[in-house]
């Protein structure tokens, strides 16, 4: 009895430590690198307030070098911005320009990156920008006012501040509970794989995570030959590489259960867009406008696309477009209730996947 109580107390303290650590990380270390397009020291001073403490402005881009831009370094012209967007790990782009044509050109150049795009403008530009970029919006433009400056958020993530904490808390609590509940299943699947085929029980794949950064995703091995590289050939019907046990765990999604450890470590969420192979990202980002916006949130074990039937092999562009459409819809309409609904529906209709080979 004492040992059970002691064990429970240890688990309680471990869980409490994890939650407190995550909260501290969210509140203090969630720093986003931001740049300004256009030179206006007054604007920079006005928007860089304590409410924007998660934002670090690293410099500005403009066609002309303004040495009086309040001490922020000049980083180059617009062409330099497009080259720097990935190498400098830029998270947010503030645009302070009057030319609608130039603004739309910037948006078009950045639509397949993971940058949040925020206009510093007057309200008269909202409808014009929306009409010219409606196919690429992550959500309808959100208008915010700070010190009489209008911020029009075009592409953004719902997970800032408290929302991010709630999402992470949801992931920690549920993943711990689920891992405890499914531990017998994990052991049974691991034993079956080891008993019926040679090779390790788990295998790792590189996927693009939050903001497109690479992460390592765990799965139960379902094939005779593992694919650990970036070039991945999707499994097809009657694929000879898939073992008998592998076919079953793929069809029932049991092969994805180790990803709850990814959730616990913070590289994935329980609910979110499914992580695609790196090679698929490079292929589809050139074909589907706004494809990379799905990386503005962590990849998930299940998601809106999965409960709507867009799972398994994506052998046509139309299938991938439908999946991405669901992913962006999820980001646009995210709420804690939506996550609960998706998890609930996954239990009843998301595990069995007839199109998984």
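The values are calculated or read from the model by the stated rules, or taken from the named source; none is laboratory data. All values reported here derive from a predicted model rather than from experimental measurement. Cβ sites come from the backbone with ideal geometry, for glycine too, and all protein chains shown count toward neighbours.
What the table shows:
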| read-out | value |
| --- | --- |
| Any chance residue 290 is within 23 Å of residue 155 (Cα to Cα), surrounded by fewer than 20 Cβ atoms within 10 Å (Cβ to Cβ) and at pLDDT below 85 | yes |
| Selection count where residues are within 25 Å of residue 210 (Cα to Cα) and surrounded by 13 or more Cβ atoms within 10 Å (Cβ to Cβ), scope region 143-160 | 11 |
| Top-ranked residue in region 179-206 [being crowded, with 18+ Cβ neighbours inside 10 Å and in contact with a helix residue (DSSP H, G or I) (Cβ under 7 Å, 6 or more places away or on another chain); ranked as nearest to residue 255 (Cα to Cα)] | 189 |
| Sole exception among (1) buried (at least 17 other Cβ atoms within 10 Å of the Cβ); (2) closer than 28 Å to residue 196 by Cα for residue 300, by number | (2) |
| Among the residues listed as 122, 77, the single one being farther than 28 Å from residue 294 by Cβ, touching a strand residue (DSSP E or B) at 6+ places or on another chain (Cβ under 8 Å), modelled with pLDDT of 85 or more and not assigned by TED's automatic domain parsing to the domain that holds residue 324 | 77 |
| Matching residues in region 95-118 - criterion: being touching a strand residue (DSSP E or B) at 6+ places or on another chain (Cβ under 6 Å) and over 21 Å from residue 291 (Cα atoms) | 95, 96 |
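One line per residue, one yes/no per condition, for (1) assigned to a helix (DSSP H, G or I); (2) over 18 Å from residue 212 (Cβ atoms); (3) modelled with pLDDT of 95 or more:
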{"residue": "255", "(1), (2), (3)": "yes, yes, no"}
{"residue": "263", "(1), (2), (3)": "yes, yes, yes"}
{"residue": "270", "(1), (2), (3)": "no, yes, yes"}
{"residue": "282", "(1), (2), (3)": "yes, no, no"}
{"residue": "294", "(1), (2), (3)": "yes, no, no"}
